Every structure is written in structure tokens, then in C-alpha cells.
1. I'm checking my understanding of the structure. Among residues of segment 65-121 that are free of Cβ contacts under 8 Å to residues at least 40 places away in the same chain, small (Gly, Ala, Ser) and part of a loop (DSSP other than H, G, I, E, B), which one is surrounded by the fewest Cβ atoms within 10 Å (Cβ to Cβ)?
2. Being in a helix (DSSP H, G or I), over 24 Å from GLN353 (Cα atoms) and among the hydrophobic types (A, V, I, L, M, F, W, C), is that true of even one residue in segment 164-176?
3. Could you grab the pairs with beta carbons closer than 6 Å, sequence gap of 6+ or different chains, first residue in segment 358-372 and open to solvent by 10 Å² or more (accessible area, probe 1.4 Å), second one part of a loop (DSSP other than H, G, I, E, B) and of a type outside the set (Phe, Trp, Tyr)?
4. Which members of segment 189-215 meet the condition of being open to solvent by 30 Å² or more (accessible area, probe 1.4 Å) and in a loop (DSSP other than H, G, I, E, B)?
5. Please verify whether segment 172-188 includes one or more residues that are modelled with pLDDT of 95 or more and basic (Lys, Arg).
Amino acid sequence: MPSPRTSQRLARGAAALLILLAGAEIGRRVADLPSLPALVDLQFDLTPRSQSYKVFDANPIARSSHPQALPVALRPLEINVPWKKNGQLSMADFLKTTATHAFVVVQDGSVVYERYIDGFDANSRFTSFSVAKSFVSALTGVALMQGKIKSLDEPIGHYLKSDELAPAYAGITIGQLLDMRSGIDVDERYAGSLTSPVVRMFVSTDLHSFLARRHGLRFAPGERFEYRSVDTLVLSRVLARATGMPLSDYAQQALWEPLGMEQDASWSVDSRKHGVEKAFCCLNTTAREFARLGLLYLNQGRIGERQVVSTTWANEPRRPDNRSDILEYRDGWWIPPGNAQDQDFSAIGVFGQYIYVNPATRTVIVKLSDYGAEQDEVLTTLAMRRISHYLAGRD
């Protein structure tokens, strides 16, 4: 039997724990976060980030009714790629150093190199993180070509109701959301805890309510670029209203079906109750299926005889970037430095997810990893440019 002093300490500790839990629960309800057990169950410290889709509810995306297998013509990749401080890495060391799980290279429409590591294979699903933003961009292009969206200059207030959108946001245009120039004040800070607005958005169980409570602007819409995941979330809500269907259903109809996707996929949602897609991240599919989006853009918006997005839309990310040391963001894609000759561009997701497209060498590279937050992204895109040059015989 514990002593009276020990009993008192235990009682005080229990009371403090109850207060802490009560405070956390109040905070959770205000922020529309999962219940405490659900947060524990997320097990982010135990789950590879690339597999984090396993802890969220998701809307299914069905494979194409006419799946088209990618041709395979495998070749060795016995080259070194540029790395830090004028160094080089062999292909094996490049993949190991950057914690790669899946690496697929498609050139001239055929898979020429494919490597899976750590027990993953061609059927393994990976979450996209911000690579999903490039899919949302493609869906915007489809909606524009179909006339469901009239113009990128349209204010989003034409689509979203006043009770789900702050008055300060109503005049933001679709194009400003696409280019991350809205000024909506949701800080993009990945590190830390639930004090970060974007982390709270990531784990929110009610994204409608999350958006309805946003009112502030960091700057006047259109004034400048600031990377903000909330812009893609708002854009996805515009798409859902313009198309009259959930984003995942539209993705199945507008992309999965015509692109001949072979695998079922999913898009993680805030909760089963609300079913709002985490459009800024969390599209979950296989490496080869990610590559098909790159092939759509490589082929100027066409799949076979079908024009899925306009040629103008597919060519937009190719415009050269004149800066020499940083990535530029345009229409949901990242433009690597020094791309005037290659006109290459890439979807990039935190923790090392890529769909790299090089029109000059007819190459698409998918890299799915668990490699730090925003780590060595310029180096990685330049390494993939080197690989594409090698395969095209340009070295």
C-alpha cells in the first residue's frame, strides 16, 4: 500500500493529467483535430512518411476500364550523378543516400529502368505529399478545357459560398491559387507540432470548418509568390463545385480513365464523415501510375488520340527559368535552375517524392523516398537531368 505522501503525489499527478487531457480535448475540438487516441494511432514516428496514407481515411479511385500497360525495355544505368560540392554518386549510392524506395525511368514511352528497395515493389502504393498539387493542376486544366471553369481570371467567389469563404478571399482568382499567389494566411511550417497551421490542416477532421475559420491575408492577392498548401486545398474546393463531384471522382473520370491507369488508387480525406480530400497532399498510388501524369505532359496533353488537357496547358511548365540556383514554381510544377535547354520541370513532394519531366530527352523519372523535409531538391532534380541526358546519349 502506498504511503500517504505517495498517494498525494499520485492524486496530484492524476489531476494534472486530467487537466492536460481536458485542455488538449478542448483544443482539439476548436481545431477540428482527431481525438487523442486517433492522434496516437497515427504513429508518425513509426510509419514511414511515404506510407502515411495507411493512417487516414481515403476516397477510392478506380483503375481505368481500359488499362494500358507501359512497355518495358530495361537498360543498365551505370553512371555517376552530380552531388554536393562538385562530388558524384553512383546510381546505387544516389538511391541509398536519398532513402529511395521506388525509382522508375520512362523514356520514349517505355520503362527503361526500374528499381524497388526496402521490400517495396511495382504494386506498392506511396503517398504523394505535394506531388498531388501537380495532379490538381492537371485537373484544373481538364476543367478549363471542358468549360467547367471559364477562365483562370475568375474570382473564386463565383464558386464558393460566403459561409465557406471569408469576404477577403472572394476576389482571389483561380490562377492566383494555381500559382500560390493568393495571400491566404496559413503558414507553411512543417516542423514542430500542432502549433503549425499547415500541420493542423494536415490532420484536421473537418477541412470545411478549417477553411471557414481562415480570414487573414499575408499580402494582397497576386502581389507575390509564397508557397502555401492551403491554396491547393481552396482550388480543389473550386474544382469540386465547378464539376459537381468530389475531387477523387473527378480524378478517376478525367485522369485515371483516359490515362489507362492499371491500379486502383486513393486520395486521403479529412474523415469518413466529411470525405474532403487532402488535395494539397496524399494522393496514393504506385510509381508507374505517378509516371503517367508526367507522360501526359511530355506528350503535350495527349493520350493516344485524346487531348486530355490543352497543348498550351501541358506546355506551360516548360517555359525557361532564368535563375541559376533555385527552383521556381509555376502552375503546380517546379522549374529547376538552368532549364533553358531541356525545358524540364518536376512535381515535388516533401520527404523526396518526384515526377521529373524532361521534354528534350523524352524522359519521365519517378522517385519516391523517405528523405528529410525539403532536402536536396535542387540537387535531386539536377541528378535526374543527368540521368535523362545519359539515356538520350547527350553526354
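1. GLY119
2. The answer is yes, given that some residue of segment 164-176 is in a helix (DSSP H, G or I), over 24 Å from GLN353 (Cα atoms) and among the hydrophobic types (A, V, I, L, M, F, W, C).
3. Pairs that qualify, where the first residue is open to solvent by 10 Å² or more (accessible area, probe 1.4 Å) and the partner is part of a loop (DSSP other than H, G, I, E, B) and of a type outside the set (Phe, Trp, Tyr), are PRO359/GLN343; ALA360/ASP342; ARG362/ASP108; ASP370/PRO48; ASP370/ALA99; TYR371/THR98; TYR371/ALA99; TYR371/GLY352.
4. ARG189, TYR190, ALA191, GLY192, SER193, LEU194, THR195, THR205, ARG213, ARG214, HIS215
5. So in segment 172-188, the residues modelled with pLDDT of 95 or more come out as 172-184.
From what's left, basic (Lys, Arg): 181.
Checking segment 172-188: at least one residue is modelled with pLDDT of 95 or more and basic (Lys, Arg).
Every residue, every condition in (1) of a type in the set (Phe, Trp, Tyr); (2) within 22 Å of PRO359 (Cβ to Cβ), yes or no:
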| site | (1), (2) |
| --- | --- |
| GLN107 | no, yes |
| SER110 | no, yes |
| ILE117 | no, no |
| ARG125 | no, no |
| PHE135 | yes, yes |
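The values are calculated or read from the model by the stated rules, or taken from the named source; none is laboratory data. Computed from a predicted model, the values in this text were never measured in an experiment. Methodologically, a virtual Cβ is constructed for each residue, glycine included, from the backbone with ideal geometry; neighbour enumeration extends over all protein chains shown. Each accessible area value is taken on the protein alone, full model and side chains, heavy atoms only, with ligands, DNA and RNA left out. Shrake-Rupley method; radii C 1.70, N 1.55, O 1.52, S 1.80 Å.
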